[in-house]
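What follows is calculated from the coordinates using simple rules that are stated; it is not laboratory data. Just so you know, these numbers come straight off a predicted model, no measurement behind them. Here Cβ is always computed from backbone atoms with ideal geometry, including for glycine, and neighbour counts include all displayed protein chains.
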Amino acid sequence: MKFSAVPMIYFRQMVLERTMILTEWFPIAASLHLDGTEIHDRSMASFAPEYVDGIGQAVADHGLSVSQFVGAADFTNPDPAVRAGELAQMRRNIDVAARLGATCVRATAGQVHPDVAYQQGVAWAVEGLRACVEYAGGKGVWIAYEDHYKDYFWVRPDFSQRSTVFLDILGHLRDVPLKINFDFGNPVMIGEDPIALLRQVTDRVVHVHCSDRFSGQYPHQIAGQGSVDFPTGFRILREAGYDGWLSSEYNSTGGLEGLRQSLDYIRHTWAGVAAPEKAKRGL
């Protein structure tokens, strides 16, 4: 199993305040004994090839790889010019991810826009996600659609935050190799069961956000201290043969120590799930 983290504890410094540069995170990630890191598109100082190559070299110099390149497209926007711009940014992210050797690019459906009918929103989301998958084909990068709650820079909630909508959109894209970045904590935010959703989408999961929360509460909890049933979730993944990334997403008052504790819990819990499987095979 490969372990990663999204550096949300430094999101304010790296993205909002610009008082910390992306490369300052990599030695911290290495000190946490991670195999990889996620990179948010808004933490990039440039998308010029020479800058991207420098980031890739810095990642490698610290013994890491890029598990996921993170963006958030608003494909449900009623303005066709905006949708076209969102697709252009996703294509840029795919190009950057390919250059960095990332496993996948995080994708979203878009926001809940007033006066956009449900079926129209689904159609636009499907159109945008399909175009992303088609563009990523041949570049060695997966598109990982997330059961998101709400992007930080959005005014409105995610169009597909409800599992019924998420599954509806996925159902329209069964004919393309769209993958999933499964986030345990997002369904919890709206009172839904992430385990029930995971059982329905396990075959498409390529990257996992191991975030923990309490129902209706936005702040992350240290993994294992919220309401997510990680042992059951990990067993489902293990039984499905999942061998991708487990990435810690933590952004709360515990800071770096909270992230460290989350990673310790994730590693320990995954090992505990894996051990009985090995015992069954006589290993």
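Numerical summary
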item: For the chain, share of DSSP beta bridges that run antiparallel, in % to the nearest 5; result: 5 percent
item: Volume of the Cα convex hull of the stretch 132-256, divided per residue and given in Å³; result: 129 Å³
item: Charge dipole (the chain, unit charges on Cβ, about Cα centre) - positive-most of 43, 80, 181; result: 181
item: Cα convex hull of the stretch 9-129 - mean projected area over all directions, nm²; result: 8.2 nm²
item: Debye, to nearest 20: dipole size of the stretch 1-135, +1 on Lys, Arg Cβ, -1 on Asp, Glu Cβ; result: 120 debye
item: Inter-site label distance for residue 215 and residue 47 at 7 Å from Cα along Cβ, in nm; result: 4.1 nm
item: Shape box of the stretch 2-280 [Cα atoms, principal axes, largest first, Å]; result: 49, 44, 36
item: Computed over the stretch 162-283: relative contact order in percent, which uses C-alpha pairs under 8 Å that are six or more apart; result: 22 percent
item: Size of charge dipole - the stretch 152-283 - debye, nearest 20, with Cβ of Lys, Arg +1 and Asp, Glu -1, no other charges; result: 300 debye
item: Cα-based radius of gyration of the stretch 9-79 once divided by 2.2 N^0.38 Å, which approximates compact folds; result: 1.21
item: Residue 33/residue 172 FRET efficiency (R0 35 Å; Cβ-Cβ; nearest 0.05); result: 0.30
item: Extreme residue, positive dipole direction of the stretch 2-280, given options 63, 129, 15 (C-beta unit charges); result: 63
item: Highest-first arrangement of 125-137, 40-52, 19-31, where packing means the average Cβ count within 10 Å; result: 125-137, 19-31, 40-52
item: For the chain, size of Cβ-based charge dipole, Lys and Arg +1, Asp and Glu -1, in debye; result: 480 debye
item: Largest-first principal axis extents, alpha carbons of the stretch 184-262, Å; result: 34, 26, 17
item: Gap separating the Cα centres of the stretch 83-136 and the stretch 202-229, nearest whole Å; result: 23 Å
item: Positive-end residue of 119, 232, 219, charge dipole of the chain with Cβ unit charges; result: 232
